[in-house]
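Here's the structure we're looking at; comments come further down.
The values are calculated or read from the model by the stated rules, or taken from the named source; none is laboratory data. Just so we're clear, the structure is a prediction, and the values are computed from it rather than from any experiment. Cβ coordinates were reconstructed from backbone atoms using ideal geometry, including for glycine residues, and neighbour counts include every protein chain displayed.
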Amino acid sequence: MISFSEIASSVHQWLNSHLSPAWVLTVEMVIVGVAAIALFALLGLVLVIMERKVAAYMQIRLGPNRVGPKGMLQSTADTVKLLVKEGITPAGADKFMFNLAPFIAMITAMLLLAPLGFAKDFQIWDLNIGVLYVTAVSSLSVIAILMAGWSSNNKYSLLGAMRSGAQIVSYELSAGLAIMTIVVLTGSLQLSEIVESQRNGWWIFKGHLPALIAFVIFIIAVTAETNRAPFDLAEAESELTAGFHTEYSGMKFALFFLAEYINVFTVCAIGATLFLGGWMPFHIGNWEGFNHVMDYIPSSIWFFGKTFFLIFVIMWFRWTFPRLRIDQLLDLEWKYLLPISMFNIILVTVIAIYHLHG
Amino acid sequence: MEREELQQYLGGLGSLTFEEGGEWINLFVESGDFRALMEQLRRDEQLGFDYLFCLTCVDFKTHLTMVYHLSSTRYRYNIVVKSKLDRQQPEIETVCDIWRTAEFHEREVYELFGVKFMNHPDLRLLILPEGWEGKNPLRKDFEDEVNMIKL
Amino acid sequence: MYSTTEHIGVNELGDMIINVGPQHPATHGVLHLVITLNGETVKKVEPHLGYIHRSIEKMCESLSYRQFIYSTSRMDYLSSHINNHGCALAVEKGLQVEIPARAEVIRVLMGELTRVASHILWWGALAMDIGAFTPFFHAFREREMINEIMEETCGARLTMNYMVPGGVMFDLHPNFHKRVKALLQQFKDKLDEYDELVTYNTIFINRTKGVGFISAEDAISYGMSGPSARASGVSCDIRKIYPYGMYDKVQFDEVLLQEGDTYARYLVRMQEIRQSLSIIEQLIDNIPEGDFQAKTKAVLKLPKGEYYSRVETARGEFGVYIVSEGGMTPYRIKFRSPGFSNLSALDHMTRGSKIGDLVATMGSLDLVIPDIDR
């Protein structure tokens, strides 16, 4: 069976046999860059059409069904439309910041793809502080939103950006603490090692109650961090028309839009890596036969299956729940989630010290 | 109180004239006594007209008539208070501090009929766009060559 | 109390002034609110009306007593049957005609179907205001069934123009009975689902409980009516206190709650759907045979005088005030629209609350803009 890691290593060998090491590195970086951009675009298209189909299913309607088979090319057509549209900069806007903001949003989203293990031995950059890198870079996205809101010279945008700032900064705490739970259990910040530590069972199963609590908190916090319903106060269509991207049009709007979906993908991928074993197949203790069958399923399918399951859950939230109010949103974080996660991390430390986990 | 009783009671409140016929008791009041009567209708324990459900004006070509439909949520009385106004200089005291709903209704009558409500806190155009001050579309002599459809 | 309107920018206190509407997702039409904000907190709400003002009152002065009824379908388009009913009642008061029993039952049936359709649409719209999109589509599923019933019998889905002075325009369609039965069954199944999706949702309760409070005294003073006032404990259902049509012969309760907040307004309307369905259930099997329209003259003339009729639309009390000078057309017509008075209380209800609360409160008032502007 062809696996991603084999393709990667054969490309690497072929390049080494033809080029000098310095050129190999350069060519590989170019390939990775192109692949990342392609993945970015492809994921955006897939997630948009998935969101629309999920929404249609929840709302007893058909969803897009004209462009391509079963409407599958609808989001491609939309992207082409957005590409050829004029990107208008409002007269009173701070032009430099206004035009820079969507790129920061996009770059942040793309940087987060680097440490993800998409399949067995298939990772762009397996750095030893992967978890720290993810939390650090993901918090940069708030800068793009604040820039967009501030520079638009629109009060709706400003309100949306301020809401978003308060929200992302708050929820980062719980998201960070939830991630720390797994770091404490694993004893490593490296994502590949975290995946490796789940060879005999995913953390959500063998991490006892604290891992489960951390998982729930993580899902809530990342939903809020990515500005998705029921925490979509930054956009809050019925209150602020479109929030921080009210004034954006054309491709600049599309970049925000895509960045949102890529962020959803990334956080779900992180969630899958930390709690659901990443590309690791589902193994049950000593059931050799069962584990062997599970190993036959390619690791990339495991990874994408888990990630898309989490994405579906987050979409399910969006099409079910009403939106919270800003004070309730902050209450939820500071009065409930943060104390619980702090208690949870003490609990998990005790478990880790006494080696109660598997 | 029955209708006759109510009419008698109302007759004692001041110098009013009653109009016969109609579903409810119709009473006319001079615009000078108007404000005092309205306050009494609202405050009187026996009446308690706390619900102003309709406020409008009618242009009778010779004069304007303000029409207030009042209802008492406690006793379920309904009465109609009317007051004739001069067509050239229509002025009447506001009632929007007695019934707060009158604030919007009076603004509407102000722009559509040109009635000036004295002591109204915010007498501006409500429905018509800027530039319509002084034109009163619901008056009978209002003519609009462009938009009006005559049958 | 008020300063002149600052359309843009910031006022002298440093408060932000925002135009909500006339094009805004939360205003459900062309309502324009100028709101003064201190951060997220609303300090003042000032409605600017007239974006869909057609001066229907002026138009009616040149329309005959048969024609003017149809212009009222265009006011509160979500309860056009009931508006038409109110106008027909006012004309009938002047003509002194006796309405056939069949026509009365049909009118009430249609009125209650309209009320259910209006409330169910409002349910979806409120949920959308609060941020849940899915209920809106679920609401349309049931509303579509009612629209189909209307289409078959009246020939139109929204502006039905079905009531004429003396009765209704056509007899019921043969499918009417069957379709209404199916509708009742559908609602029996789905209303609980609605409750599950929205009514008991914790976020929804948090967003609406205690939000947009108005006391009974204030509600009366602001002239509020309909479900919005009944949620504050004001007994104002015209169907109960001044029964018209045949509402005195059917069994239903006036839904009254005391809380006066957005959640109470929500619950009142959900209860009213059930009450309306029970009225339909009582009447659907007992439609008397006979004429559906009384004989009236070709040209209607009302005797000199004044006629006022009050009906309960889905939004509250709708009044028709006709001044007749004896001619073929009304001398003056005034429509007392429920939304106009309900809107005037919005400022009072939302001062000091958050923007999200403003949207929720506005949604709970169930404003229909053409009804306000006329």
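Figures for the structure shown
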{"item": "The range C:195-223 residues that are more than 7 Å from every other protein chain (Cβ to nearest Cβ), paired with ones that are of a type in the set (Phe, Trp, Tyr) (beta carbon under 7 Å, 6 or more apart)", "result": "C:Val198/C:Phe204; C:Ile205/C:Tyr263; C:Thr208/C:Tyr263; C:Thr208/C:Tyr266; C:Lys209/C:Tyr263"}
{"item": "Scope the range A:122-134; condition in a helix (DSSP H, G or I) and buried (at least 18 other Cβ atoms within 10 Å of the Cβ); matching residues", "result": "A:Gly130, A:Val131, A:Tyr133, A:Val134"}
{"item": "Hits in the range C:57-69 (condition: in contact (Cβ under 8 Å) with a residue 60 or more places away in the chain and either surrounded by fewer than 19 Cβ atoms within 10 Å (Cβ to Cβ) or among the acidic types (Asp, Glu) (or both))", "result": "C:Glu57, C:Glu61, C:Ser62, C:Ser64, C:Arg66"}
{"item": "Residue count for the range B:43-65, restricted to those that are under 25 Å from B:Leu112 (Cβ atoms) and either surrounded by 19 or more Cβ atoms within 10 Å (Cβ to Cβ) or among the basic types (Lys, Arg) (or both)", "result": "12"}
{"item": "The range A:230-260 - residue that is on the phi > 0 side of the Ramachandran plot and part of a helix (DSSP H, G or I) and, of those, farthest from the other protein chains (Cβ to nearest Cβ)", "result": "A:Gly250"}
{"item": "Filtered residues of the range A:143-169 (kept if within 18 Å of A:Gly92 (Cβ to Cβ), part of a helix (DSSP H, G or I) and more than 10 Å from chain C (Cβ to nearest Cβ))", "result": "A:Leu146, A:Met147, A:Ala148, A:Gly149, A:Trp150, A:Ser151, A:Ser157, A:Gly160, A:Ala161"}
{"item": "Of all residues making up the range C:272-299, the number that are free of Cβ contacts under 8 Å to residues at least 40 places away in the same chain and surrounded by 18 or more Cβ atoms within 10 Å (Cβ to Cβ)", "result": "1"}
{"item": "Some residue of the range A:293-300 being assigned to a loop (DSSP other than H, G, I, E, B) and on the phi > 0 side of the Ramachandran plot", "result": "no"}
{"item": "Some residue of the range C:124-131 being over 20 Å from the mean Cα position of the chain (by Cα) and more than 30 Å from C:Thr208 (Cα to Cα)", "result": "no"}
{"item": "Residue identified as farther than 30 Å from C:Gly363 by Cβ, more than 14 Å from every other protein chain (Cβ to nearest Cβ), touching a strand residue (DSSP E or B) at 6+ places or on another chain (Cβ under 9 Å) and at pLDDT 85 or above among A:Phe308, A:Phe304", "result": "A:Phe304"}
{"item": "Where a residue in the range A:168-187 is within 15 Å of A:Pro339 (Cα to Cα) and its partner, wherever it lies, is outside any helix (DSSP H, G or I), with Cβ under 6 Å and at least six apart", "result": "A:Glu172/A:Ser139"}
{"item": "The range C:34-46, residues that are touching a residue at least 40 places away in the same chain (Cβ under 8 Å) and either farther than 30 Å from C:Arg332 by Cα or in contact with a helix residue (DSSP H, G or I) (Cβ under 6 Å, 6 or more places away or on another chain) (or both)", "result": "C:Ile35, C:Leu37, C:Glu40, C:Thr41, C:Val42, C:Lys43, C:Lys44, C:Val45"}
{"item": "Meets criteria (in a loop (DSSP other than H, G, I, E, B), in contact (Cβ under 8 Å) with a residue 40 or more places away in the chain, more than 9 Å from every other protein chain (Cβ to nearest Cβ) and over 21 Å from B:Glu5 (Cα atoms)) for B:Ser31", "result": "yes"}
{"item": "Spans of strands (runs of 3 or more DSSP E) in the range B:44-117 with at least 3 residues facing chain C (nearest Cβ under 10 Å) and touching a Phe, Trp or Tyr at 6+ places or on another chain (Cβ under 7 Å)", "result": "B:51-59, B:78-86"}
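Matching residues to (1) more than 11 Å from chain B (Cβ to nearest Cβ); (2) outside any helix (DSSP H, G or I); (3) under 21 Å from B:Cys96 (Cα atoms); (4) aromatic (Phe, Trp, Tyr):
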position: C:Tyr307; (1), (2), (3), (4): no, yes, no, yes
position: C:Arg310; (1), (2), (3), (4): no, yes, no, no
position: C:Val320; (1), (2), (3), (4): no, yes, no, no
position: C:Val323; (1), (2), (3), (4): no, yes, no, no
position: C:Gly326; (1), (2), (3), (4): yes, yes, no, no
position: C:Thr329; (1), (2), (3), (4): no, yes, no, no
position: C:Lys334; (1), (2), (3), (4): no, yes, yes, no
position: C:Phe340; (1), (2), (3), (4): no, no, yes, yes
position: C:Met349; (1), (2), (3), (4): yes, no, yes, no
